[in-house]
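The values are calculated or read from the model by the stated rules, or taken from the named source; none is laboratory data. All values reported here derive from a predicted model rather than from experimental measurement. Positions of Cβ are generated from backbone atoms using ideal geometry, with glycine treated the same way; all protein chains shown enter the neighbour counts. Note: accessible area is taken over every heavy atom of the protein model, side chains too, but ligands, DNA and RNA are not part of it. Shrake-Rupley method; radii C 1.70, N 1.55, O 1.52, S 1.80 Å.
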Amino acid sequence: MAIQKPRGTQDLLPSVLGNWYYIENTIRRLCKTYGFEEVRTPMFEETGLFLRGIGETTDIVQKEMYSFPTGDKKDQSYTLRPEGTASAVRAYLENKIYGQESITKWFYIGPMFRHDKPQAGRYRQFHQFGVELLGTQAPSADAECISLVLQLLRDLGLKDLNVEVNSVGCPTCRPAYREKLIAFFEPKKEELCELCQSRLYKNPLRILDCKEEKCQQLAVGVPELSDNLCEECQDHFHHVKEYLTAAGEKFTLNPRLVRGLDYYTKTAFEVQYTPLGSQSAVAGGGRYDGLVEELDGPHTPAVGFAMGMERLLLALEKQGLLPEQQQEDSVFVVALGEMAQKEAFRITNALRNAYVKAEMEGSGKSMKSQMKYANKINAKYVIIIGDNELAEGKVILKYMDTSEQETVSLAEITNRITELVKGN
Ligand code: ATP
Ligand code: MG
């Protein structure tokens, strides 16, 4: 059997890449408006970065990472990045960006790798667009990130978006809440799913967002995080909601929305696009005031989000929101005879030098078959060069939409076509 692509990966062929450019261009334009600059970090990092930056109790670290020996040092491994925040923070620290500016606004677009179970909207190599806003704990920064993601989705034409927000507290208020959770679930431990049983003491917050029906049932009546926030977190959350309202954004409160790690603090949010069904989470994010310190940097509050590009594409496709690919006006040069071929090559080249899209067929096929090719590539203009015309220093210019044709001198043809194409 011929070799096939790895499970859960995709070949992005020319026929679909236009859609990617469309989305990426929209993202880059919008990020610029919001003052975010693009960064590109390596596709793999030292495994330790993700162990610390994502957390050992997360699904990603426990079962989804692609790790391999560095080949340099024994016992040292690299991992294909499963997400972008840890790498962005590593780059922020390594390049001492915190010493150069007080607020840093970065975005990235690129492939991520997770050993997930492949299905619609879930791949092993997928792409994320993400934003990191470092250096401020202003609640307006949280609202800014949420506004950006909502505007992007709206600009792309999606309606009926739902953003859920919550506050997950901070190291001041969370430990007490954790204890309350453990006390609440402990008597029902045996009834929890296997994964949640293992989470009970390590990461009990994650039980709240378990997708298993029985765990959701067991969580009925659980003490709510929103009733257990410290004053600072309550106040912060209150202001985030006010800023969102000021920006005219609608949102829903979801007290079960969590991120179970210590360095995730305060705001958590997720954008759902329900028509996508089971893979409806398009983007997720929140505040991570403790992460930079966790990675040995100075105390730096920060907030950000990541969006799944494939899920976004699926949503746009489903709603028929992907624009038709724009065809550039193009020229096909038909050459009949050996001399004509050289001349055709010269003209094709001259057109390309002027950034006019031009093609020819070099293997001496019949007039009929060259015209067929011109039709196939949707050429708007065809230049026909035969040895006879050539002897008179002329070519035939054919307008494909009207089938009209005229004779043009060899000396004129390149300029003439360039004017026609650029004049449009
Ligand atoms: P899920 O619960 O769907 O596994 P997650 O919590 O693992 O999502 P995040 O780590 O928050 O997802 O990543 C942000 C976004 O990246 C998700 O909202 C989703 O759109 C996208 N995403 C995550 N994993 C995949 C994947 N395997 N394939 C495609 N997109 C993904
Ligand atoms: Mg996942």
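Listed by chain and number, the lysines whose C-alpha is less than 27 Å from the C-alpha of LYS214, apart from same-chain residues fewer than 8 away, are LYS63, LYS117, LYS180, LYS188, LYS189, LYS202. Taking the DSSP bridge list for the chain and keeping only pairs wholly inside it, about 80 percent are antiparallel. Can you tally the net charge around GLN217? Count Lys and Arg as +1, Asp and Glu as -1, for every other residue whose Cβ sits under 12 Å from the Cβ of GLN217. Result for the neighbourhood of GLN217: -1.
Once a ≥ b ≥ c are taken as the square roots of the eigenvalues of the Cα gyration tensor of the range 329-394, is the result rounded (a/c under 1.5), prolate (a/b larger than b/c) or oblate (a/b not larger than b/c)? It is oblate, given that a/c is not under 1.5 and a/b is not larger than b/c.
In the calculated pair distance distribution of the chain, what percentage of Cα-Cα distances lie above 27 Å? Tail fraction, whole percent: 62. Restriction of the trypsin sites (Lys or Arg not before Pro) in the range 266-353 to DSSP coil positions whose beta-carbon has at most 12 other beta-carbons within 10 angstrom yields no sites. Per-residue ellipticity at 222 nm from helix content only, as computed over the chain with -39500 (n - 2.57) for each DSSP H run of at least four residues, stands at -11500 deg cm²/dmol. Based on the Cβ-Cβ distance of GLU213 and GLU24, what FRET efficiency does E = 1/(1 + (r/R0)^6) give at R0 = 30 Å, to the nearest 0.05? Given R0 = 30 Å and the Cβ-Cβ separation, E is 0.20. Here the 3J(HN,Hα) profile of the range 101-110, calculated from phi with Karplus coefficients 6.51, -1.76 and 1.60 at θ = phi - 60°, is 8, 7, 10, 10, 10, 10, 9, 9, 9, x Hz, Gly and Pro shown as x. For the range 123-167, trypsin sites (Lys or Arg not before Pro) meeting the loop criterion (DSSP other than H, G, I, E, B) and having at most 16 other Cβ atoms within 10 Å: LYS159. Between GLU328 and LYS250, the simple spin-label model (points 7 angstrom out along Cα→Cβ) gives 4.2 nm.
Bridgeable aspartates and glutamates around LYS105 (alpha carbons under 14 Å apart, same-chain partners fewer than 8 residues away excluded): GLU37, GLU38, GLU132, ASP142, GLU144. Residues in the range 105-229 average 42 Å² of solvent-accessible surface per residue, probe 1.4 Å, ligands and nucleic acids excluded.
Rounded if a/c is under 1.5, else prolate if a/b beats b/c, else oblate: with a ≥ b ≥ c from the C-alpha gyration tensor eigenvalues square-rooted, which is the range 63-205? The shape class here is rounded. For the peptides 382-388, 143-149, the ranking by mean Cβ contacts within 10 Å, running from highest to lowest, is 143-149, 382-388. Across ASP11, ASP155, ASP401, mean-square fluctuation computed from a Gaussian network of the chain (C-alpha pairs under 10 Å connected) peaks at ASP401. Roughly to the nearest percent, how much of the accessible area of the chain is carbon and sulfur, given a 1.4 Å probe? Carbon and sulfur: 49 percent of the exposed surface of the chain.
Taken one residue at a time, the phi angles of the range 242-248 give Karplus couplings (6.51, -1.76, 1.60, θ = phi - 60°) of 5, 5, 4, 5, 4, 7, x Hz. Gly and Pro are set to x. Considering only TYR243, TYR21, TYR355, the Gaussian network model of the chain with Cα springs below 10 Å gives its largest mean-square fluctuation to TYR355. Cα centroid separation, the range 317-338 to the range 107-180: 37 Å.
What the phi angles of the range 392-404 give under the Karplus curve with 6.51, -1.76 and 1.60, with θ = phi - 60°, is a coupling list of 9, x, 10, 9, 9, 10, 10, 8, 5, 6, 10, 6, 5 Hz, glycine and proline written as x.
For GLU359 and GLU412, the difference between the fully extended length at 0.36 nm per residue and the C-alpha to C-alpha distance is 17.2 nm. Under 16 Å Cα-Cα from LYS159, which lysines qualify once same-chain neighbours fewer than 8 residues away are excluded? Leaving aside lysines fewer than 8 places away in the same chain, those within reach of LYS159 are LYS250, LYS318. Think of a 1.4 Å ball rolled over the protein heavy atoms: the range 330-423 then has 56 Å² of accessible area per residue. The range 368-424 and the range 61-87 have Cα centres spaced 56 Å apart. Dipole size of the chain about its Cα centre, with +1 on Lys/Arg Cβ and -1 on Asp/Glu Cβ: approximately 840 debye, rounded to the nearest 20. In a DSSP loop and with at most 15 other Cβ atoms within 10 Å, the GluC sites (Glu not before Pro) in the range 320-393 are GLU324, GLU328, GLU392. Considering only alpha-carbon pairs that sit under 8 angstrom and 6 or more positions apart, the relative contact order computed for the range 330-423 is 31 percent. Length available on full extension from HIS239 to TYR399: 0.36 nm per residue minus the Cα-Cα distance, which gives 51.3 nm.
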